[in-house]
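First up is the structure itself, then whatever we jot down about it.
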Ligand code: SF4
Ligand code: SF4
């Protein structure tokens, strides 16, 4: 398979883009990227690297590795601006800390409601505040431009949904999906769409074999864990911020439409009408999965809180579940042994 | 530490509060579990008995049962890295034990994320466990400025809770009682503010360790007559200490500001350590979190919304810094002690940068100690001691 998207050097691409566009860092699936796009800014989702030096002067040891990574990235190579959302307690404080230690041209936090359903009115107004604030920095953002951008994002997300549909029939390597998704979160949307169309035409589906796994968690910064998992089983679906959490569409082309879009997103930082385990049980049925791997960050409270009830409901429905808690220091060998044992058990 | 006479009073008050909670169902009263930052005033007119899992967890911590209860939650699968108030509460629910024999079963839960996102998860879990409703008030974080749409949003949610409470209790909402509650709450906060302000006197008649104990009533009994009466007596006692020249710490030489939730299981050891160096912790950011309320009985829901939006853990670091600097000046302190509390991220993350800014803007030194509020297993006592001693020696 030679689709350009699979061989893309994202860093190189961004280095090129930097010369012509302003680049803003963002950190969560709830970022209103469409608004930034409409303002002519390129939103790039940051994953950082596992070498933490400067960030340790700002964050305690008991802070999750994702926050440390992105702060390190910001301290090392400042962006033109940064957009935080009130995702969890840690990211909210990180927004403050970022503001205290990094001098970028634009720094703002979209204060999300925790209860998106009852907070739609509030959120629409908050998105409006955010947009008006951005205009001060970037110039007017017209309704037409916003509509345009929303449909550019919808087109792309429609195609991404197609990608996930395809995963039902045969296998696409998880590292490839990861690459497509992360590129989508960082490239200029219309450019990604072109590559994605080509990719979808050319992608060859691998054999449909067992054990079939669902991977659930927040962000997967480092794709090497995906390779390790797929040595023993196939990831047929993911419930990740770097994956399916990105797929939902904005049905109305307005700020309210963006707000509504967030209703469809399954995130443990928001109120839940039903326990998340039920969602995974449904997906396991839909994707014909044999088991679930919960991939958690040490110190990530929202996900760690949910883990117990997720494991219980999966168990109730006969889906085995393996919980991996990753820290950047965890030895890959230990992880590998556990994944191997889990998959062997599934093959039984 | 010289014990305040009001300590016995408080013990009785808290004791009878929990006693009342335990017998509530017998008297056909409804029980609500309430988070410390939730606008409890809305519940009071319905004669609902309220208990505070956070306060309960602190009692477990002070009785040194914290680690054991945390372990029970861990055995159920909850990570050791989750908030130890939650783990303590969960453990107590599972084992049915605590220094007061566990909390009574709730009829509903009432929580607010203005202290943390943890509350949401914690109460969701409790709500499933007891199979009771969870009334959640969503309070958007105040990132530098409080927005009108946030105020509207919170006020609207409070309005919506009223009919629910009416059907739960079978009582009608009594406006007059509500106004009385608001008045009591306001008076209570004013009295509490006064209590804390005694610390500005030199030498101070109280330390923040007294405040940590005495705060139980402002947290759990806000909006009641008992709390008002209690703080009146406490303030009289403090007044008379000042008149008689009684200091909380003999020969007070060093005045300090404390940041974060107390290390409940180590209160005695820490207070002796400071006392031995003639150092008095005259104020803290924690108990001051309950010392502001500009309630407007003419516009109750909106003013509750405003007050509960800007509580200390729901504001950004620039606003926290402003309040810290105000405390530093108001209490004329020589240094600041920060408890880096691994359980509580909204309180602790950011302390490194705050410490730097405090030093730059006020010139006062800051020491940071690593601990946890109720889980003593993560506390390196010797290390904390050494750090504090070195800090005090440099000040003295
Ligand atoms: S877990 Fe939720 S809040 Fe965190 S990055 Fe993912 S979508 Fe955003
Ligand atoms: S200690 Fe912190 S994290 Fe825990 S409930 Fe209190 S405010 Fe929330």
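Quick look at the numbers
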quantity	calculated
Ascending count of other beta-carbon atoms within 10 Å, so fewest first, for B:115, B:328	B:328, B:115
Per-residue average of Cβ from other chains inside 10 Å of B:146-152	4
Convex hull volume per residue in cubic angstrom - Cα atoms of the protein assembly as shown	156
Crossing angle, helix A:332-347 versus chain A [Cα axis fit, 0-90 degrees, rounded to tens]	60
Ellipsoid semi-axes in whole angstrom, largest first, where each is sqrt(5λ) of the Cα gyration tensor of the range A:77-168	26, 19, 17
q = 0.12 Å⁻¹, the range A:32-114: log10 I(q)/I(0) [Debye, one scatterer per Cα]	-0.34
Acute angle (nearest 10 degrees) that the helix A:301-316 long axis makes with the longest principal axis of chain A, alpha-carbon atoms	30
The range A:219-260: Cα Rg divided by the 2.2 N^0.38 Å rule of thumb	1.66
Taking the C-alpha atoms of the range A:213-331, convex hull volume expressed per residue in Å³	118
Approximate spin-label separation residue A:345-residue A:53, in nm, with each point projected 7 Å along Cα-to-Cβ	4.2
Proxy reagent accessibility, fewest Cβ within 10 Å first, across A:287, B:110	A:287, B:110
The range B:107-259: equivalent-ellipsoid semi-axes (sqrt of 5 x gyration tensor eigenvalues, Cα, Å)	36, 20, 16
For B:354-363, mean number of other protein chain Cβ atoms within 10 Å	1
At R0 = 30 Å, FRET efficiency that the Cβ-Cβ distance of residue B:19 and residue B:193 yields, to 0.05	0.55
Chain B: relative contact order in percent, alpha carbon pairs under 8 Å with at least 6 residues between	20
Distribution of pairwise C-alpha distances over chain A, 10 Å bins, in %	5, 25, 35, 27, 8, 1, 0
Column: log10 I(q)/I(0), Debye, Cα scatterers of the range A:169-222, q = 0.22, 0.27, 0.32 Å⁻¹	-0.98, -1.15, -1.26
Model label zone, residue B:356; criterion: amide N under 11 Å from point 7 Å along Cα-to-beta-carbon; scope the range A:91-129	A:97-103
Net length gained if the chain between residue A:61 and residue A:132 were fully extended (0.36 nm per residue, minus Cα distance)	21.9 nm
Separation in nanometres of the label points that stand 7 Å from Cα toward Cβ, at residue A:155 and residue B:129	5.2
Inter-centroid distance (Cα atoms) of the range B:304-331 relative to the range A:40-89, Å	26
Rg in Å to one decimal, and Dmax rounded to a whole Å, for the range B:6-175 via C-alpha atoms	16.7, 47
Folded to 0 to 90 degrees: helix B:53-62 orientation relative to chain B principal axis, Cα	40
Average beta carbon contacts from partner chains per residue of B:311-317, 10 Å cutoff	2
Percent of C-alpha pairs per 5 Å bin, the range A:152-247, short to long	3, 13, 27, 25, 20, 10, 3, 0
Pairwise FRET efficiency - residue B:75 versus residue A:7, Cβ, R0 = 51 Å, nearest 0.05	0.55
Length-normalised contact order for chain A - Cα pairs under 8 Å, 6+ apart - percent	18
Cα-projected label distance for residue A:148 with residue A:286, points at 7 Å along beta-carbon direction, nm	3.3
Packing-based order for B:53-65, B:129-141, B:83-95, using average beta carbon neighbours within 10 Å, highest first	B:83-95, B:53-65, B:129-141
Additional length obtainable on full extension of the chain from residue A:338 to residue A:198, 0.36 nm per residue less Cα span	46.7 nm
The range A:17-159, Rg to Rh (Cα coordinates; Rh as Kirkwood inverse mean 1/r)	0.97
Chain A: calculated mean residue ellipticity at 222 nm from DSSP helix runs of at least 4, using -39500 (n - 2.57)	-15500 deg cm²/dmol
Relative contact order (%) - the range A:22-140, alpha-carbon pairs under 8 angstrom, separation at least six	25
Rg/Rh ratio calculated on Cα atoms of chain B (Kirkwood radius)	0.95
Net length gained if the chain between residue B:250 and residue B:11 were fully extended (0.36 nm per residue, minus Cα distance)	83.5 nm
Per-pair calculated FRET efficiency, R0 = 60 Å: residue B:172 and residue B:95 via Cβ, rounded to 0.05	0.95
Over the range A:60-103: Rg over Rh, Cα atoms, Kirkwood Rh	0.93
Mean projection area, nm², convex hull over Cα of the range B:125-215	9.8
Likely footprinting exposure, B:357, B:116, fewest C-beta neighbours within 10 Å first	B:357, B:116
Centroid-to-centroid separation of the range A:290-343 and the range B:201-273 [C-alpha atoms, Å]	46
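Taken together, the values in this text are just the output of simple stated rules run on the coordinates, not laboratory data. Remember, predicted model here, so these are calculated numbers, not experimental data. All Cβ positions, even for glycine, are placed from backbone atoms using ideal geometry, and neighbour counts span all protein chains on display.
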